[in-house]
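Okay, structure first, notes after.
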Amino acid sequence: MSKRQLPEGFQDLEPYLEWSLATDRERSIKRQTSPMTKITAFYQAVVPRMDEILAYLEQYPLEQVPADAQRLFYLTLSLAKIAPAVEMYGEPVPEGLDTLRLENIDIYPTRS
Amino acid sequence: MALGKNKWHDRYPELGTGPIPVEPYVSPEYFEQERDRIFRKTWLNIGRVEQIPQPGDYFVKDLTVCNTSILVVRGKDGEVRAFHNMCSHRGNQLVWDTKGRCQTFSCKFHGWTYALDGSLRHITDEHNFFGLKKETLGMTPLAVDTWEGFIFINVDPDPQQALSEYLGKGLRTSITGYPFEDLSTNCFSWHTDVQANWKVAKDAFQEVYHISTLHRRIIGDVYASKANPYANALDFTLYPPHGRVSLSANPGRKLTGVESIVQGFGSTVLQQNNSASEELPAGVNPTGYPHWSFDGLALFPNCLIYVSKGTYLTHIFWPITENLTRWEIRTYSPQAETLSGRFSQEYGKVSFRDTLLEDASTLERTQTMLRSGAKKEIVLQDEELLIRQHYKVTESFLNA
Ligand code: FES
Ligand SMILES: [Fe+2]
């Protein structure tokens with residue numbers, strides 16, 4: 001049995017760890033390349049837990065987030081990323097410019 | 001809300017009702033005129049003071065349209081200065097990175113060194129030169145000024161107007177008191193190069209006529225409502241060469257599942273504000289509409305600023321050729337204090353970004369067809385007033 005990856009109480013979300021991605025670019029690619037069945041399954045697993053998740057994450061100052069909570073946080077960012085696919089489009093990405101052509105740039109503050 | 005017909009034309013009849021030519025969007029000659037008579041003559045927004053908070057902080061902005069690269073730096077005295085990013089020896093680009101902090105600027109070619117105020121401090125092997133006067137060999141400065149924390153430069157060595165005069169009292173007063181500074185702590189930005197004329201790109205963001213069609217899925221019911229099915233504007237006010245639009249929101253809109261989660265942590269989504277502006281200065285939401293969404297300032301030539309409650313954003317369109325544009329989008333909001341706040345901001349970014357991808361879907365396709373030569377003109381309706389104004393203003397600059 002491998003070490004637990006998510007905080008106590010959130011282990012049931014571990015099957016969705018492939019969505020725990022640190023960068024916007026990775027999350028964009030994941031959304032773009034996943035079928036709707038996978039996107040919807042992730043959405044349905046996480047949405048009902050969001051009140052609990054956000055309440056849990058609130059306890060940590062931004063600069064002192066333990067690794068397991070950080071993974072949980074990245075799941076919420078992926079939820080933000082795919083929510084329009086489920087709620088607005090019914091398909092992974094809108095018919096638009098290729099998502100990767102809209103490139104993220106750091107102006108300030110500097111982020112990792 | 002008064003939903004009259006042709007009401008903006010009645011307010012600004014001088015803009016006419018006719019079609020506008022395709023030529024400005026495709027002609028290399030027209031592009032060269034825009035370069036010489038507009039971009040080399042007017043004040044251009046190139047960033048914010050928050051990018052360079054400390055003495056020695058600098059950023060570099062490539063201004064292809066003006067055939068230059070610009071170095072913007074905060075001096076030891078706190079002043080913001082701008083220079084052509086060029087060494088006085090044989091012209092090498094002085095700073096090669098895009099931003100940073102330093103004490104002096106040293107040329108990578110032969111080591112000439114400049115102070116933050118642009119003056120030349122050191123010449124390598126100086127005694128082998130021929131009677132150089134160091135004090136005449138500083139970096140070449142550009143006119144620079146700030147307004148509400150936005151940094152503007154003018155590459156004209158002798159600008160015809162001061163920045164405040166160029167922006168005009170009417171426009172400046174209309175937004176005075178908007179909390180640009182408070183909202184500017186957190187900047188999130190994207191850019192992309194699109195194969196379209198810069199005005200094709202700008203036009204797409206200075207009309208909302210397209211929302212009920214192009215954006216019907218992502219924000220179709222955010223602005224449009226039963227009473228206002230095409231999201232007609234609350235107001236257009238022109239401050240030539242600039243203009244301004246005010247937009248309402250749909251008070252009857254239902255939030256989606258994730259939106260209602262996000263809502264609890266501070267909305268950072270411009271398009272979902274749907275809120276009155278009682279805490280904002282009187283000039284914002286000029287009609288005092290209770291379900292106001294945002295006001296858009298169109299600063300001639302290439303900058304749009306959308307202000308809302310709790311967040312604002314800018315679009316800047318940098319021409320590269322008549323068929324190529326660098327499009328920069330920046331969103332500004334307070335720094336999130338918690339992870340939940342970050343999640344909320346992230347949702348705002350994603351939803352906005354999806355909208356931008358839809359917007360961008362038309363730009364290259366439009367440019368391709370404008371270049372076909374099949375049509376010589378395009379036609380505009382009353383709500384596309386700012387596009388019409390841009391054309392008329394451009395003509396006046398080119399014919400001046
Ligand atoms: S070009 Fe800069 S030192 Fe020679
Ligand atoms: Fe749009």
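The values are calculated or read from the model by the stated rules, or taken from the named source; none is laboratory data. Keep in mind that this is a model prediction, so the values were computed, not measured. Neighbour counts run over all protein chains shown; Cβ positions are idealised from the backbone, glycine included. Remember, those area values only see protein heavy atoms, side chains included, never the ligands or the DNA or RNA. Shrake-Rupley method; radii C 1.70, N 1.55, O 1.52, S 1.80 Å.
Odds and ends about this structure:
- Stokes-Einstein, applied to the Kirkwood radius of chain A over Cα pairs at a viscosity of 1.306 mPa s and 10 °C, places its translational diffusion at 105 µm² s⁻¹.
- Taking the square roots of five times each eigenvalue of the Cα gyration tensor of the stretch B:189-272, the equivalent ellipsoid has semi-axes of 25, 18, 14 Å, listed largest first.
- Take B:Thr362: with every protein chain present and a 1.4 Å probe, its accessible area is about 50 Å².
- Pairwise label distance in nanometres, B:Gln160 with B:Lys5, each label 7 Å out on the Cα-Cβ vector: 3.9
- With semi-axes defined as the square roots of five times the eigenvalues of the C-alpha gyration tensor, the equivalent ellipsoid of the stretch B:1-70 measures 36, 23, 9 Å, largest first.
- Other protein chain Cβ atoms within 10 Å, averaged over every residue that makes up B:336-348: 6
- Theoretical ellipticity at 222 nm over chain B - DSSP helices of four or more residues, -39500 (n - 2.57) apiece, nearest 500: -7000 deg cm²/dmol
- Rolling a 1.4 angstrom probe over chain B with all protein chains present gives an accessible area of which 51% lies on carbon and sulfur atoms.
- Among B:Ile218, B:Gly310, B:Ser27 - extreme Cα towards positive end, dipole of the protein assembly as shown, charges at beta-carbon: B:Ser27
- Helix axis angle, B:385-398 relative to chain B longest principal axis, alpha carbon, degrees: 30
- Chains A and B together, accessible area buried on both sides, 1.4 angstrom probe, square angstrom: 4100
- Radius of gyration and Dmax over the Cα atoms of the stretch B:47-160, both given in Å: 14.1, 48
- Inter-chain Cβ neighbour average for residues A:18-28, partner chain, 10 Å: 1
- Taking all C-alpha pairs of the protein assembly as shown, those more than 34 Å from each other amount to 42 percent.
- Angle of helix B:339-371 to the longest C-alpha principal axis of chain B, folded into 0 to 90 degrees and rounded to 10: 90°.
- Probe 1.4 Å, accessible area per residue of the protein assembly as shown, Å²: 43
- Placing +1 on the Cβ of every Lys and Arg and -1 on the Cβ of every Asp and Glu, with nothing else charged, gives chain B a dipole about its Cα centre of roughly 340 debye.
- Length-normalised contact order for chain B - Cα pairs under 8 Å, 6+ apart - percent: 21
- Magnitude of the charge dipole, the stretch B:47-160, Cβ model with Lys/Arg +1 and Asp/Glu -1, debye to 20: 340
- Springs join every pair of Cα atoms under 10 Å in this Gaussian network model of chain B, and among B:Gln206, B:Gln195, B:Gln335 the largest mean-square fluctuation is at B:Gln335.
- Among B:Arg217, B:Arg37, B:Arg342: highest mean-square fluctuation, GNM of chain B, C-alpha pairs under 10 Å: B:Arg217
- Sequence-distant lysines (8 or more away, or on other chains) whose Cα lies within less than 17 Å of B:Lys254: B:Lys226
- Per the Kirkwood formula applied to alpha carbons, chain B shows a radius of gyration over Rh ratio, Rg over Rh, of 1.00.
- Student exercise, the protein assembly as shown dipole from Lys, Arg, Asp, Glu Cβ charges, in Debye to nearest 20: 440
- Free-standing Cys residues across chain B, given no other cysteine C-beta under 4.7 angstrom: B:Cys66, B:Cys102, B:Cys187, B:Cys303
- Per residue of peptide A:85-91, the mean number of Cβ atoms on other chains within 10 Å of the residue Cβ is 4.
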